[in-house]
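**Q** Here's a structure for you.
The values are calculated or read from the model by the stated rules, or taken from the named source; none is laboratory data. All values reported here derive from a predicted model rather than from experimental measurement. Cβ coordinates were reconstructed from backbone atoms using ideal geometry, including for glycine residues, and neighbour counts include every protein chain displayed.
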Amino acid sequence: MPRARLRSSSARLLRRFGKSATVVERAVDFTNTGYMLGIYPLGGRVLHAMGLHERYIAESQVTRTYSLWNSRGRHVKDYSFENFAADYGPYQMLSRGKLIELLMSASGETTVRTDTTVVSLAQRNDEVQIRFSDGSEEIFDLVVAADGMFSSTREMVFGETPLRRTGWGGWIWWSDAEIEHHDTVSEYWSTGSFLGVYPTLDRSGVFLGGPNTSLETADGQAIASFAEKHFGNAGGAARGVISSLEQEPKQFYWELLDVRSTDWIKGRVVLLGDAAAGFLPTAGIGAPSRSTSNRIGGTGRSRSHRS
């Protein structure tokens, strides 16, 4: 869980151990909340600890089936989540905004500073001094940096970490198009293109992928033409989504890249989430390629900070 979700959940869990926390968020608010999320039972376990699991289940869409389609838009196979869910728990789909809303509702007295960034950071023995973009300064026992693949905190502490660029990416948007099976995630895999439809309770998140050279600077009409060319004959959820594509406002372009920090901890600064190891969506369920047991650590006494 990157950025705001990691910060909010970490702050809540720290409070259970008597640690006060300050959450620092560069966004002005959480209204522009981005994309859709599929959460497996392992990821949902933290919501039990926060007393949010029942609300999370009620306010997210259960996914019962994964539907796979080939390069010609023909249906290949449906994979059921039912046996998996019976043994381990449900696979739920919801918007990033809804999850942040849930986490923030449980943050209690946690201080949240929006429209703020970290300008400088200095470590001294058992404390970290932070200067913020509003000119204020504060001292913390622990800094947990969960500010994404382009983490400025990582650069301040660990120096430049190279980003691995693939040359691929895609547009993400929300669609109100009617789809027949709201409990089914559908993915269409083709040579040089990809379409994914991910239903939440009230609408579907959509990802249309391909080469950056074809999509990154494309306007709405060009994006629609790309989708029609590659998936215009596809069945299932793709039909309604593509027909309404040109009219749907795009959320953002996601360049597919990853980052792999050599070290995740230095003194009292710890990298978390994508700031430490941001993986491609095809790389597994956030699974690192090698052991991380010697790269994560650090303790705090009474306060912590996430940048």
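**Q** Could you please give the count of residues in the stretch 170-183 that are more than 12 Å from Val241 (Cα to Cα), of a type outside the set (Phe, Trp, Tyr) and surrounded by 21 or more Cβ atoms within 10 Å (Cβ to Cβ)?
**A** Matching residues across the stretch 170-183 total 1.
**Q** Still on this structure, I have one more. Checking the structure you have, find out if any residue of the stretch 61-82 is part of a helix (DSSP H, G or I) and in contact with a helix residue (DSSP H, G or I) (Cβ under 9 Å, 6 or more places away or on another chain).
**A** Within the stretch 61-82, the first condition is being part of a helix (DSSP H, G or I), and the residues that meet it are 82.
Imposing the further condition that a residue be in contact with a helix residue (DSSP H, G or I) (Cβ under 9 Å, 6 or more places away or on another chain) reduces the set to none.
No, there is no match, as no residue in the stretch 61-82 is part of a helix (DSSP H, G or I) and in contact with a helix residue (DSSP H, G or I) (Cβ under 9 Å, 6 or more places away or on another chain).
**Q** How many residues does the stretch 139-183 contain that are part of a strand (DSSP E or B), in contact with a Pro (Cβ under 7 Å, 6 or more places away or on another chain) and not hydrophobic (A, V, I, L, M, F, W, C)? Explain how you work it out, then say what you get.
**A** Kept after step one, since they are part of a strand (DSSP E or B), are these residues of the stretch 139-183: 139-140, 142-145, 163-175.
With the extra rule that they be in contact with a Pro (Cβ under 7 Å, 6 or more places away or on another chain), the set shrinks to 167-168, 173.
Restricting the remaining residues to those that are not hydrophobic (A, V, I, L, M, F, W, C) gives 167.
Of the residues in the stretch 139-183, 1 are part of a strand (DSSP E or B), in contact with a Pro (Cβ under 7 Å, 6 or more places away or on another chain) and not hydrophobic (A, V, I, L, M, F, W, C).
**Q** Taking the stretch 119-153 only, how many residues are of a type in the set (Val, Ile, Thr) and farther than 19 Å from Ser20 by Cα? Explain how you work it out, then say what you get.
**A** In the first step, residues of the stretch 119-153 are kept if they are of a type in the set (Val, Ile, Thr); the result is 119, 128, 130, 139, 143-144, 153.
Then keep just the ones that are farther than 19 Å from Ser20 by Cα; that gives 119, 153.
Residues that pass the stated criteria total 2.
**Q** Another question, if that's okay. Restrict the check to the stretch 27-36 and report whether at least one residue is of a type in the set (A, V, I, L, M, F, W, C) and modelled with pLDDT under 80. Write out each step before concluding.
**A** Taking the stretch 27-36 and keeping what is of a type in the set (A, V, I, L, M, F, W, C), we get 27-28, 30, 36.
Going one step further and asking which of them are modelled with pLDDT under 80, we end up with 30.
Looking for residues that are of a type in the set (A, V, I, L, M, F, W, C) and modelled with pLDDT under 80, one finds at least one in the stretch 27-36, hence yes.
**Q** In the stretch 80-120, which residues are touching a Ser or Thr at 6+ places or on another chain (Cβ under 7 Å), at pLDDT 90 or above and closer than 27 Å to Val157 by Cβ?
**A** Once the filter is applied, which keeps residues that are touching a Ser or Thr at 6+ places or on another chain (Cβ under 7 Å), at pLDDT 90 or above and closer than 27 Å to Val157 by Cβ, the stretch 80-120 yields Thr116, Thr117, Val118, Val119.
**Q** Among the residues of the stretch 209-243 satisfying the criterion of being in a loop (DSSP other than H, G, I, E, B) and within 25 Å of the chain's Cα centre (by Cα), which is nearest to Met36 (Cα to Cα)? Walk me through it before giving the result.
**A** The initial filter retains those residues of the stretch 209-243 that are in a loop (DSSP other than H, G, I, E, B), namely 216-219, 232-237.
Now drop any that are not within 25 Å of the chain's Cα centre (by Cα), which leaves 216-219, 237.
Values: Glu216: 20, Thr217: 22, Ala218: 22, Asp219: 22, Ala237: 16 Å.
Taking the candidates together, the pick is Ala237.
**Q** Please count how many residues of the stretch 260-298 are among the hydroxyl-bearing types (Ser, Thr, Tyr), loosely packed, with under 11 Cβ neighbours inside 10 Å and modelled with pLDDT under 50.
**A** Keep residues of the stretch 260-298 that are among the hydroxyl-bearing types (Ser, Thr, Tyr), which gives 261-262, 282, 289, 291-293.
Remaining after also requiring loosely packed, with under 11 Cβ neighbours inside 10 Å: 262, 282, 289, 291, 293.
So of that shortlist, the ones also modelled with pLDDT under 50 come out as 289, 291, 293.
Qualifying residue count for the region: 3.
**Q** Does Phe158 fit the bill of being under 25 Å from Ala27 (Cβ atoms), aromatic (Phe, Trp, Tyr) and in contact with a His (Cβ under 8 Å, 6 or more places away or on another chain)?
**A** Working: under 25 Å from Ala27 (Cβ atoms): yes; aromatic (Phe, Trp, Tyr): yes; in contact with a His (Cβ under 8 Å, 6 or more places away or on another chain): no.
Taking the combined requirement at face value, the residue does not satisfy it.
**Q** Give the number of residues within the stretch 43-54 that are out of contact with any Leu (no Cβ under 6 Å at 6 or more places or on another chain) and either charged (D, E, K, R) or closer than 14 Å to Met93 by Cα (or both).
**A** 4
**Q** List the pairs whose first member sits in the stretch 222-247 and is closer than 18 Å to Gly205 by Cα, whose second member is polar (S, T, N, Q) and loosely packed, with under 15 Cβ neighbours inside 10 Å, and whose Cβ atoms are under 7 Å apart, counting only residues at least 6 apart or on separate chains?
**A** Partner pairs satisfying both residue conditions: Glu246/Gln221.
**Q** For the structure I just gave you, tell me whether Gly196 is within 24 Å of Ala283 (Cα to Cα) and part of a strand (DSSP E or B). Write out each step before concluding.
**A** Details: within 24 Å of Ala283 (Cα to Cα): yes; part of a strand (DSSP E or B): yes.
It is true that Gly196 is within 24 Å of Ala283 (Cα to Cα) and part of a strand (DSSP E or B).
**Q** Still on this structure, I have one more. What number of residues within the stretch 151-172 are under 23 Å from Gly196 (Cβ atoms) and among the polar types (S, T, N, Q)?
**A** So the count comes out to 1.
**Q** Working carefully through the options Asp134, Asp126, Asp141, find the one that is farther than 30 Å from Glu255 by Cα, of a type outside the set (Lys, Arg), at pLDDT below 95 and in contact with a strand residue (DSSP E or B) (Cβ under 8 Å, 6 or more places away or on another chain).
**A** Details: Asp134 fails: in contact with a strand residue (DSSP E or B) (Cβ under 8 Å, 6 or more places away or on another chain); Asp126 fails: in contact with a strand residue (DSSP E or B) (Cβ under 8 Å, 6 or more places away or on another chain).
Criteria check complete, one pass: Asp141.
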